[in-house]
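See structure below.
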Amino acid sequence: MILIFVEPLGAAFYAIYVICGLSDIMDGFIARKSGTASSFGGKLDSIADMVMVGVFFIVLYPIVNPPIKIVIWIISIATIRFISMLIVLKKYKTFAILHTYGNKATGMILFVFPILLPYMNGLVLMYTICVVAILSAIEELIIHVTSNQLQLNRKCISYKIKKNRAIASIVMLLAVFAACWVYNDEYSIKDKDVSIEKAIMEFTTPFENNRGVKNPIIIDRIQVDDKLLVFYGDRDVDGLFGFTPLHRGLNGKYQIRSTNYGGANFYIMGYGFTTSKGNYIAVGGSGYSKRISSYKGFPGFLTEDEAALFNDNVDGNTFLNIYKVDRESNFPTIKIYDANGIDISRALWNDFNHVPRAGVGKAELFMLNVFMFIILSMGFIISKYFWEKERQKGE
C-alpha cells in the first residue's frame with residue numbers, strides 16, 4: 001500500500017517494489033523448506049497478490065494510459081477470475097487461487113512490467129501480460145469446473161506435467177522474449193520531437209569529434225506511406241537543414257537508417273526518397289527570403305532542356321511539401337522565383353561552405369534480422385533437445 005504514496009517509477013518506488021516482490025517469492029519458499037506451509041498461508045498469499053495487483057493498477061494506470069482494447073482485456077480477465085472464485089466458493093465453501101504455472105508466469109510478468117516499462121514499448125508489454133493472464137485464468141476456470149477436489153498446488157490442467165518439456169517451453173519463451181528485446185532496442189525512437197532530435201544527434205555524431213548535427217531541432221514532419229519523414233535544422237548552425245525518413249517497427253517505435261544534411265543554399269532544401277508505394281521528393285524551407293514566391297523541382301543535375309517535375313508557391317515562414325514522382329531522384333535541384341516569375345536562384349545563392357554536410361546510412365537491418373534468427377534458432381534447438389529427451393525417457 002505504501003507504493004500509492006510514493007512517486008511512481010521513482011527510486012523509492014522501485015526500492016519498495018523490489019522488496020515487496022522478493023518477499024512474496026521468498027515467503028512461500030521458506031514456508032515449504034521449514035515445513036510451516038498451510039492452506040491458510042496459501043490463502044493469505046493469494047489475497048496479498050490480489051492487493052498488490054490492485055495497487056499496481058491504481059499507481060500505473062495514469063502513466064500507461066491503456067487503450068480501450070486493453071481495458072476490455074482486463075475486464076474480461078477479472079470476470080473469468082471472479083467466476084472461478086464463485087465456483088470454488090460454491091463447491092468447496094472457501095476462497096482459493098491455484099498456484100499453477102500459468103498464474104506464476106502471470107505474476108512474474110506483472111512483476112517485471114514496471115521495471116521494463118522505461119525500456120520497452122508499454123503497449124507490447126500490456127498485450128503480453130493480457131495474453132498470458134487470460135490463458136492462465138481460463139486454465140484455472142477449466143480446472144475448477146472439471147475437478148472434484150480443491151488442489152491449491154496443482155500446476156496445470158494435466159497431472160502429468162513433464163519436467164524436461166517444461167524446461168523446453170521456458171527456454172523457447174525466453175528466446176522469443178530475447179528476440180523481442182533486441183528488436184525493441186533497435187526500434188527505440190518514440191514519436192516525440194525530443195526523442196527524434198536525440199536520435200538524429202546520436203546518428204550523425206557517433207563519435208564525439210564528429211561534426212554532424214549536434215543540436216538538432218525538428219522543423220516539420222509528415223507521414224508518407226510507411227515512413228515518417230522528418231525535416232530538421234541545427235540550433236547552432238545557420239543554414240543547416242536535413243531530412244531523415246524514420247521506419248516504423250512492429251512495436252510502434254521508429255528506427256533511423258539514413259539521413260542527409262548540409263547547407264540549404266536558399267534556406268530551402270530538396271530530398272528524394274522511396275517508400276513501399278513509390279518515389280517521392282520532399283521540399284522543405286525555413287527562414288528564407290521574403291523575395292521568394294515560388295519554386296520548381298528538377299531531377300538530379302539540371303540541364304537546359306530538363307522539364308520541371310513540380311512547382312509550387314511559398315507560403316509562410318516554414319513549409320514541408322511532398323511530391324510523388326515517376327522515377328527515383330535522390331538529389332533534386334530546386335530553383336526559386338520571385339512574385340514576377342523571375343529566376344532569383346543566383347541572386348540569393350549562399351555557399352554555406354562552413355556548414356557540415358553528409359549522407360549517413362547504416363546496413364544494420366539485415367544484421368538485426370540475422371541476430372534475431374540466431375537467437376530464435378538457438379532457443380528452438382535447445383528446446384527441441386529437452387523435448388526429445390523427455391520423449392525418449394517415456395519410451
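Rule-based calculations on the coordinates, nothing more; no lab input. What you see is a predicted model; the values in this text were computed from it and never measured. Note that we place each Cβ from the backbone using ideal geometry, even for glycine, and neighbour counts take in every protein chain shown.
Applying the Karplus relation 6.51 cos²θ - 1.76 cosθ + 1.60 with θ = phi - 60° to the stretch 235-246 yields 3J(HN,Hα) values of 4, 9, 10, 5, x, 8, 9, x, 10, 8, x, 8 Hz, where x marks Gly and Pro. Here the residues Met201, Met108, ranked from fewest to most Cβ neighbours within 10 Å of their Cβ, fall in the order Met108, Met201. Among the chymotrypsin sites (Phe, Trp or Tyr not before Pro) within the stretch 173-234, those in coil by DSSP and having at most 10 neighbouring Cβ atoms inside 10 Å are Phe207. The modelled label-to-label distance for the pair Val53/Arg357, using points 7 Å beyond Cα in the direction of Cβ, is 6.1 nm. Students often get this wrong, so check it: of Lys192/Lys290; Lys296/Lys324; Lys190/Lys227; Lys104/Lys253; Lys214/Lys296; Lys253/Lys324, which have C-alpha atoms separated by over 20 Å? Beyond 20 Å between Cα atoms: Lys192/Lys290; Lys104/Lys253; Lys214/Lys296; Lys253/Lys324.
When the helices of the chain are scored as -39500 (n - 2.57) per DSSP H run of n ≥ 4 and the total is divided over every residue, the value at 222 nm lands at -16000 deg cm²/dmol. With each label modelled as a point 7 angstrom along the Cα→C-beta vector, the Leu123-Ile382 pair spans 3.1 nm. For the stretch 192-284, applying the loop criterion from DSSP together with a ceiling of 15 other beta carbons within 10 Å to the GluC sites (Glu not before Pro) yields Glu208. Couplings for the stretch 55-65, taken from phi via the Karplus curve 6.51 cos²θ - 1.76 cosθ + 1.60 with θ = phi - 60°, read 5, 3, 5, 4, 6, 8, 4, x, 7, 7, 6 Hz in order; Gly and Pro are left as x. Taking amide H as placed 1.01 Å from N in the peptide plane, Leu246 has its amide H under 5 Å from the amide H of Leu228, Leu229, Val230, each at least 5 places away in sequence or on another chain. Here the chain has an Rg and Dmax of 29.5, 94 Å, counting Cα atoms alone.
When the chymotrypsin sites (Phe, Trp or Tyr not before Pro) in the stretch 324-395 are filtered for DSSP coil states and for at most 14 other beta-carbon atoms within 10 Å of their beta-carbon, the remaining sites are Trp349. Counted residue by residue at 0.36 nm each, then reduced by the alpha carbon distance between them, the extension gain from Glu306 to Ser169 reaches 43.0 nm. Relative to the longest principal axis of the Cα atoms of the chain, helix 122-146 runs at roughly 20 degrees.
Taking Lys and Arg as +1 and Asp and Glu as -1, the other residues whose beta-carbon sits under 13 Å from that of Asp226 total +3.
Got the relative contact order for the chain handy, in percent, Cα pairs under 8 Å and 6 or more residues apart?
Worked out over the chain, it gives 13 percent.
In terms of the mean number of neighbouring beta-carbon atoms within 10 Å, the peptides 51-57, 246-252 order highest first as 246-252, 51-57. The share of alpha-carbon pairs in the stretch 290-369 lying farther apart than 22 Å comes to 42%. Packing around the peptides 129-142, 92-105, 308-321, taken as the average count of other Cβ atoms within 10 Å per residue, puts them in this order, highest first: 129-142, 92-105, 308-321.
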